[in-house]
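The structure under discussion appears below in the form of structure tokens.
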Amino acid sequence: MRRLSPGTIVSLVTIIAVLAGSLFAVGGSGRLNALDVVLPVVACGALLARERYPVAALIVVAVSVAAYYPYAGADGPLIVMLFVTLYTAADRGHLTAAIATGAAALLAMGFGETGGIRHVDNATFVSITGWVVASIAFGGVTRNRRAYLSEARQHALDALLTKEEEARRRASEERLRIARELHDVLGHNISMINVQASAALHGIRKRPEHAEAALRTIKETSKETLRELRTTLGVLRQVDEDAPVAPADSLARVDTLVAASGLKVRTELSGPLDALPTEVDLAATRIVREALTNVARHSGTEHATLAITNEAGHVIITVEDDGPGATYDGGSGFGIQGMRERATALGGTLEAGPRPEGGFRVTARLPLTQPTNGAR
């Protein structure tokens, strides 16, 4: 069974009340004509259509009321329908039409009372004026309240969508961070294992002692790889991304990084490196490790230079080699891309490219003071 809307219920109650009042007025009046029936019926029909056609219903009811009281024989409460349609027009946003119609009805009533015969006294006229103003005002208030609630719901929906977008953005950043961590941890050590395995295969017959040293390095590097992998996975499982890094992931132990690279590295250190911010220390360590890995993979030489400087609120890292290497492709590889992302996330910069005198150079500049706006 279809339920009636509140507006329809109000219309039916109003019609019943008006018709009952009209019948009562007809019963006490001896002068009746066709308008006593036609005008209430027309007004009732317009009232039922007021929600779909508020302005048209308002005009029909206003004309019916204006014609009813001067020309009909009875004196029923048809004016109540005018109050209801004035409210509906204002509530549906037709405030100008409601004000104009209400003002026209009051002016017509006032003009009709300027003759010699008074149909309503001053108190009744003021009361009708008050009801007209109240109907329009109440309709405007309910419309504004509905608009406010709709806007509040929209703001809540926008906030929810923004929150979901932020969650997706954070998830994407987390995936990139995990990819960088795994690339840094596994890529470096597996590359060293590959280099040492090649050396062991090459010298196993001619120089067994060198092969033994290479195999020992493979064993230590694989052990370090497992330890680093467990550490990285443990950090990724933690809720707090700012958890302290492992002791090996620190510029304070740069000698360990250099030794694990399998290269002959000339190291130049300047400034304190044992009290850096955690995020800077971790990013710098990863950049050093990846840069040395690239030297071992692509440079074609066993020699490299590592310079780390802590001065003027920045940590500056430079890794150079003089090998023939491969043609520089603009940094499209994941290694250089990962280093650049780490530097950019801290508000720093990273430049990577061939040197004019030959070889390759990676220079990273990381600020020690992080931005305060929370951007990463």
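The values are calculated or read from the model by the stated rules, or taken from the named source; none is laboratory data. Please read all numbers here as calculations on a predicted model, not as lab measurements. All Cβ positions, even for glycine, are placed from backbone atoms using ideal geometry, and neighbour counts span all protein chains on display. In case anyone asks, the SASA skips ligands and DNA or RNA and just uses the protein heavy atoms, side chains included. Shrake-Rupley method; radii C 1.70, N 1.55, O 1.52, S 1.80 Å.
Under the condition of being aliphatic (A, V, I, L, M) and part of a strand (DSSP E or B), which residue from segment 295-308 is farthest from VAL280 (Cα to Cα)?
The qualifying residue farthest from VAL280 (Cα to Cα) is ALA304.
Among the residues of segment 111-130, write down those that are under 24 Å from LEU95 (Cα atoms) and surrounded by 15 or more Cβ atoms within 10 Å (Cβ to Cβ).
Across segment 111-130, the qualifying residues are PHE125, ILE128, THR129.
Filter the strands (runs of 3 or more DSSP E) completely within segment 309-376 down to those with at least 3 residues that are among the small types (Gly, Ala, Ser), at negative phi and modelled with pLDDT of 85 or more.
In segment 309-376, there are no strands (runs of 3 or more DSSP E) which contain 3 or more residues that are among the small types (Gly, Ala, Ser), at negative phi and modelled with pLDDT of 85 or more.
So which residues in segment 50-69 are open to solvent by 50 Å² or more (accessible area, probe 1.4 Å), touching a Ser or Thr at 6+ places or on another chain (Cβ under 9 Å) and outside any helix (DSSP H, G or I), if there are any at all?
Within segment 50-69, GLU51 is the sole residue that qualifies.
What number of residues in segment 285-328 are of a type in the set (Ser, Thr, Tyr) and surrounded by fewer than 16 Cβ atoms within 10 Å (Cβ to Cβ)? It would help to see each step written out before you state the result.
From segment 285-328, those of a type in the set (Ser, Thr, Tyr) are 285, 293, 299, 301, 305, 309, 318, 327-328; that's our starting set.
Subset that is surrounded by fewer than 16 Cβ atoms within 10 Å (Cβ to Cβ): 327-328.
Qualifying residue count, segment 285-328: 2.
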